[in-house]
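K.L.:
Take this structure first; my questions come after.
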Amino acid sequence: MELSQYLEVFIEESKENLQTCNEQLLELEKNPEDLAIVNEIFRSAHTLKGMSATMGYEDLANLTHKMENVLDAIRNEKIKVTPEILDVVFKSVDDLEAMVFSIADGGDGKRNVTEVVAMLQAIEKGESVLPSASNEVAATAAPDMKVSMQYEAFEQTVIQQSFEQEFNCFEITVSLREDCLLKAARVYMVFEVLGKLGEVIKSHPTVDQLEEEQFDHSFVIAVVSKEDARVIEESIRKVSEVEKVSIFELTSHHLQINLNDTAPERKEIADKGQEEVQTPKPANNPAKQTSPTSKTIRVNIERLDVLMNLFEELVIDRGRLEQISKDLNNPELNETVERMTRISGDLQNIILNMRMVPVETVFNRFPRMVRQLARDLNKKIELEIIGAETELDRTVIDEIGDPLVHLIRNALDHGIEMPDIRVKNGKPEQGTVKLKAYHSGNHVFIELEDDGAGINKQRVLEKAIQKGIVSEDIADTLSDRQIYELILASGFSTAEQISDISGRGVGLDVVKATIESLGGSITIDSTVGHGSLFSIQLPLTLSIISVMLVEIEAEKYAIPLSSIIETAIVKKEEIMNAHNQRVIDFRGKVVPLLFLEDVFEVPKDSKEEDLYSVVIVRKGEKMAGLVVDSFIGQQEIVLKSLGNYLNDVFAISGATILGDGQVALIVDCNALIK
């Protein structure tokens, strides 16, 4: 049977089953006596095990089998659910996810899971186990445990001869810090240390892969040495950037088990897997069969991208036809073009809807993350998710995950107070973080609200002045919201000490930059003692946008409608000067003017105008007036990138081809408003 054709389905199904495990484990933690939840997790794990075995991913199937044994003991009431046991099961799911993502990236799905297997086996036997003591667990693993690496015949011979000469043989798992920059250099230093203590037999990944940094943050080395495990561990820990060292001692018994792998058990797994893969959904996911008539297919996002590109070309040609129809003024041609415009509009909606993905695909990883971070910080925090069904374009979804992770970590670390402080201030011991998504017009809003300590305005101002972000004169003129938004400035941080939780001193400027690169914006509101609200505004899609076309001399520019408040005609005498800047009074507010012919260095004639055409644009609470020669009108256009060679052109976000064949540059209003 050719299995490669099922690989994509296997990866998607595996991700869904692991997500179910994550969600149900969080529910189980709240209701540890509810065996129905355990059964749901068991079904997902069982399906994953069968599919993995059928597809030939034995490591994945074996770890799932060990986790399944623990779940089986829980549902048969042989083991009681505790936070410590759930920590180990969560760690198993993490390893399974890493294996599945490895397969998705073209890898073999192999991973060193010695520690977590030892802990699962200890739980199964009724022994007490703490995840924090994983080093000790790995070093004293159950005697029937398999080694994590497969050894060739000559390597087995070397190990056997080493035992005969009274050498020790260890499998050492070394984990580097996640922010380690020169991983290959650290690997070299570890090998150098081990070379002085004994002889390296094997590594996983291979030495070549390690040198090319083709690994995440952990690697496994087999070493023969006269030294004991403690000496080896202490020596490796002296290498900088090494976060964790786990040592597992090999014996002849372990090697024998590794060689004579339990074939009957593997065959049984494979047999069960064959049954399940044929009909995975009906047998194991009854909850998802809400609509028996609903039929869906999985479509690769690349195909949708191609479809979108073809449709974009159609929109450009539609614009050209509209222009020709206007010039010729032929009734029959006008009618045909109008009909084509309506149909292509409907087609556009269908294609955009096909690309829409619920934000829950991003949101569903946060409950697990909040649980773990709350435990790390010794805080009690509940995450409330509202509007997870809200849909966004897939390209936006792919980019928004990291900024949200950063904001949530920031809220947990800096926002929510410690339980004793909350009680002292008359608040509930448990803090709440709300993550909300909703549609409004052509935008999606994502809000992150916490009921924590809020933002200390004075402290933010002092830090901003100290860092040179604002001067003292400007600081006195800032509104509350503008002060809060100073925390988004590059290099800003009020943390007394750097922590791993909220970004190791990396400011929220990265979040702001990512959101603005998507054509969105972020605003902050806060009340000291009551909490903060971060609001992100994002466009529904990035490829086809509505713009106002304007003319500057012989050149045409497009200004996105999402940034425009209104257009106006301003008399020459209404323009004033303030701080070497030309400004106008717009509805009681002083609005600076930007002459786009100067910004873009458009060749111009020297005649003075008595009337100026102005487009009033906004970024958050800040406004500016863009002075142009004339307005052409509103139009839907296709946003095209300028390519790699022109990716840093100031205040230009892309270009489009108009109906008459001309190219119009698209103005980036966010870059123009400081």
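Values in this text are rule-based calculations from the coordinates and carry no lab data. Quick caveat, the model's predicted, so the values are computed rather than measured. Methodologically, a virtual Cβ is constructed for each residue, glycine included, from the backbone with ideal geometry; neighbour enumeration extends over all protein chains shown.
K.L.:
Determine the shape class of the range 359-539: with a ≥ b ≥ c the square roots of the Cα gyration tensor eigenvalues, call it rounded for a/c under 1.5, and otherwise prolate if a/b is greater than b/c, oblate otherwise.
P.N.:
oblate
K.L.:
So what's the angle, to the nearest 10 degrees on a 0 to 90 scale, between helix 263-278 and the longest Cα principal axis of the chain?
P.N.:
Helix 263-278 and the main axis of the chain meet at about 30 degrees.
K.L.:
Could you give the dipole magnitude of the chain about its Cα centre, charging the beta-carbon of Lys and Arg +1 and that of Asp and Glu -1, in debye to the nearest 20?
P.N.:
That gives a dipole near 1180 debye.
K.L.:
If I model the range 28-103 as equal point scatterers sitting on the Cα atoms and use the Debye formula, what is log10 I(q)/I(0) at q = 0.11, 0.15, 0.17, 0.23 Å⁻¹?
P.N.:
With no solvent term, the Cα-only Debye profile gives -0.27, -0.49, -0.63, -1.05.
K.L.:
How many lysine pairs in the range 582-674, separated by 8 or more positions in sequence or lying on different chains, have Cα atoms less than 17 Å apart?
P.N.:
5
K.L.:
On to the next question. Provide the net charge surrounding S203, with neighbours chosen by a C-beta distance below 11 Å and charges set as Lys +1, Arg +1, Asp -1, Glu -1.
P.N.:
-2
K.L.:
Also, quick follow-up: I need the Kirkwood Rh of the range 301-357: take the reciprocal of the average 1/r across all distinct C-alpha pairs and report it in angstrom.
P.N.:
Mean inverse Cα-Cα distance, inverted, gives 12.3 Å.
K.L.:
Take the Cα gyration tensor of the chain, multiply each eigenvalue by 5, square-root it, and list the three semi-axes largest first, rounded to whole angstrom.
P.N.:
Over the Cα atoms of the chain, the ellipsoid semi-axes are 55, 32, 25 Å.
K.L.:
Excluding L176 itself, calculate the net charge of residues whose Cβ lies under 11 Å from the Cβ of L176, where each Lys or Arg counts +1 and each Asp or Glu counts -1.
P.N.:
Result for the local shell: -2.
K.L.:
Counting only residues 5 or more places away or on other chains, whose amide H sits under 5 Å from the amide H of I201 once H atoms are built in the peptide plane?
P.N.:
Residues meeting the criterion, in which the H sits 1.01 Å from N, are A222, V223, V224.
K.L.:
Pick out, in residue order, every one of the chymotrypsin sites (Phe, Trp or Tyr not before Pro) in the range 378-485 that is DSSP loop and has at most 10 other C-beta atoms within 10 Å; say none if there are none.
P.N.:
Of the chymotrypsin sites (Phe, Trp or Tyr not before Pro), not one in the loops of the range 378-485 has a Cβ with at most 10 other Cβ atoms within 10 Å.
K.L.:
Another question, then. Explain nothing, just compute: Karplus ³J(HN,Hα) = 6.51 cos²θ - 1.76 cosθ + 1.60, θ = phi - 60°, for every residue of the range 421-431 in order, whole Hz, x for Gly and Pro.
P.N.:
Karplus values, whole Hz, x for Gly and Pro: 5, 4, 4, 4, 8, x, 9, x, 4, 8, x.
K.L.:
Still on this structure, please answer the following. So, counting K/R as plus one and D/E as minus one, what does the shell of residues with Cβ under 9 Å around N670 add up to?
P.N.:
Around N670, the charge tally is -1.
K.L.:
How many angstrom lie between the Cα centre of the range 223-244 and the Cα centre of the range 336-356?
P.N.:
64
K.L.:
Moving on to the next point. Roughly how many whole Å is it from the C-alpha centroid of the range 155-184 to that of the range 634-674?
P.N.:
Centre-to-centre distance over Cα atoms comes out at 55 Å.
K.L.:
Can you give the relative contact order of the chain as a percent, counting alpha carbon pairs under 8 Å and 6+ residues apart?
P.N.:
Across the chain, relative contact order equals 9 percent.
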